[in-house]
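The values are calculated or read from the model by the stated rules, or taken from the named source; none is laboratory data. Because the structure is a prediction, the values reported are computed rather than measured. Every residue, glycine as well, gets a Cβ built from its backbone with ideal geometry; the counts of neighbours run over all protein chains shown.
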Amino acid sequence: MSYLVIKHGEVISQDIISTVELRYKVVTRAINREFWNSQSVTDHSLLVGSYGRGTAIDTSDIDVLVELPKSEYERYDSMKGNGQSRLLQAVRNAILTTYPRSDIRADGQVVKIAFTDGISFEILPAFRNYNYLDGYIYTYPDSNMGGNWRSTNPIAEQKAMKEKNFSSNGLLFDTCKHFRRVRDDRFSSYHLSGIVIDSFVYAAMGNWKWLKNGEVSSAFAGEYENVLANYLKQKLLFGLPLKLYAPGSNQVVDTESSIECLIKVINYIVG
């Protein structure tokens, strides 16, 4: 039995939305107070990840990019040893002043906040740069392997996702959310990252879209889902690794740890 994509199938409850909005503002204010001498609940922060791209469901983590002053980059970059790890600890300590009883840990590239109600935040400290070709690019710390700096372009990714969702009459977001629901309900013991889901669906769906009122389709039920499945099969021919690029930014997406679950999710959907 197939488990086909449905229109507007995943809706986050208003209670969760309100809780996320409140905590987002509280975290933002804690960062601004510590690093910018400001009490603002909106400045220097950006929803990224699934929430930022419009593909979150009620079980999704909330990813927040917090911009820090350039002087902080210079300070931690010049430190001997793993300055990136120390920067993450500084961000962790700033958030602890607001949530002293929460489980808050620095982990690789982010500071994770696990709330007792099951909602999790991942805070990515970053430094904003601008160039003519790419617009705003953010540099962020990676404390793994002795520490280094990486870059991300979430604004370009969000713009590309929003534009394709509009042109597909909402099918892009509905499909990405559907994949997340199957992953969480059926294959929760496996890993499948949100950026892999979004990058895959963005590339695989081609020009498919939901019909507008009054339009008639010649496609049969399940044809769209089979297009997605066949796209994956073609990409995995000859045992080659799956290559994906993030929408808009065209950054290479790491698929190695997600491919097994992606296959399981697609096979479940097509039945």
task = Report the residue count in the stretch 209-251 for those that are of a type in the set (A, V, I, L, M), outside any loop (DSSP other than H, G, I, E, B) and exposed (fewer than 11 other Cβ atoms within 10 Å of the Cβ).
result = 1
message = Here is a check on your reading of the model: is Ser50 crowded, with 18+ Cβ neighbours inside 10 Å and under 15 Å from Gly194 (Cβ atoms)?
response = yes
query = Right, Val41: under 21 Å from the mean Cα position of the chain (by Cα) and either within 18 Å of Pro141 (Cα to Cα) or not assigned by TED's automatic domain parsing to the domain that holds Phe173 (or both) or not?
reply = no
query = Any residue at all in the stretch 156-178 that is outside the structural domain of Asp77 (by TED's automatic domain parsing), without any contact (Cβ under 8 Å) to a residue 24 or more places away in the chain and at negative phi?
reply = yes
request  = Taking Ile269 as the residue in question, decide whether it is in contact with an Asp or Glu (Cβ under 7 Å, 6 or more places away or on another chain), surrounded by 15 or more Cβ atoms within 10 Å (Cβ to Cβ), part of a helix (DSSP H, G or I) and in contact (Cβ under 8 Å) with a residue 12 or more places away in the chain.
outcome  = yes
ask   = Failed condition for Arg105, given (1) in a strand (DSSP E or B); (2) surrounded by 15 or more Cβ atoms within 10 Å (Cβ to Cβ), with all others met?
value = (2)
request  = Would you point out which residue out of Val91, Val41 is farther than 30 Å from Tyr202 by Cα, in a loop (DSSP other than H, G, I, E, B) and at pLDDT 95 or above?
outcome  = Val41
query = From the list Met79, Met145, which residue is at pLDDT below 95, part of a helix (DSSP H, G or I) and not acidic (Asp, Glu)?
reply = Met145
message = Go through (1) touching a residue at least 24 places away in the same chain (Cβ under 8 Å); (2) within 16 Å of the chain's Cα centre (by Cα) for Val111 and report which single condition fails.
response = (1)
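Would you pick out the residues in the stretch 144-195 that are polar (S, T, N, Q) and out of contact with any Lys or Arg (no Cβ under 6 Å at 6 or more places or on another chain)?
Selection gives Asn144, Asn148, Ser151, Thr152, Asn153, Asn165, Ser167, Thr175, Ser188, Ser189, Ser193.
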remark   = Going through the stretch 53-95 in order, the residues found to be among the basic types (Lys, Arg), over 19 Å from Ser40 (Cα atoms), surrounded by fewer than 18 Cβ atoms within 10 Å (Cβ to Cβ) and touching a residue at least 24 places away in the same chain (Cβ under 8 Å) are none
query = Does the stretch 179-208 hold any residues that are acidic (Asp, Glu) and either surrounded by 18 or more Cβ atoms within 10 Å (Cβ to Cβ) or on the phi > 0 side of the Ramachandran plot (or both), and which are they?
reply = Asp198
inquiry  = Against the condition outside any strand (DSSP E or B) and either under 30 Å from Val201 (Cβ atoms) or at pLDDT 95 or above (or both), how does Val64 come out, does it pass?
reply    = no
inquiry  = Against the definition (assigned to a loop (DSSP other than H, G, I, E, B), touching a residue at least 60 places away in the same chain (Cβ under 8 Å), of a type in the set (Val, Ile, Thr) and buried (at least 18 other Cβ atoms within 10 Å of the Cβ)), how does Thr98 come out, yes or no?
reply    = no
Qualifying position, being touching a residue at least 24 places away in the same chain (Cβ under 8 Å), farther than 17 Å from Ala94 by Cβ, part of a loop (DSSP other than H, G, I, E, B) and among the hydrophobic types (A, V, I, L, M, F, W, C), among Ile16, Ile12 = Ile12
query = Do we have Asp174 as part of a helix (DSSP H, G or I), touching a His at 6+ places or on another chain (Cβ under 9 Å) and under 25 Å from Ser249 (Cα atoms) here?
reply = yes
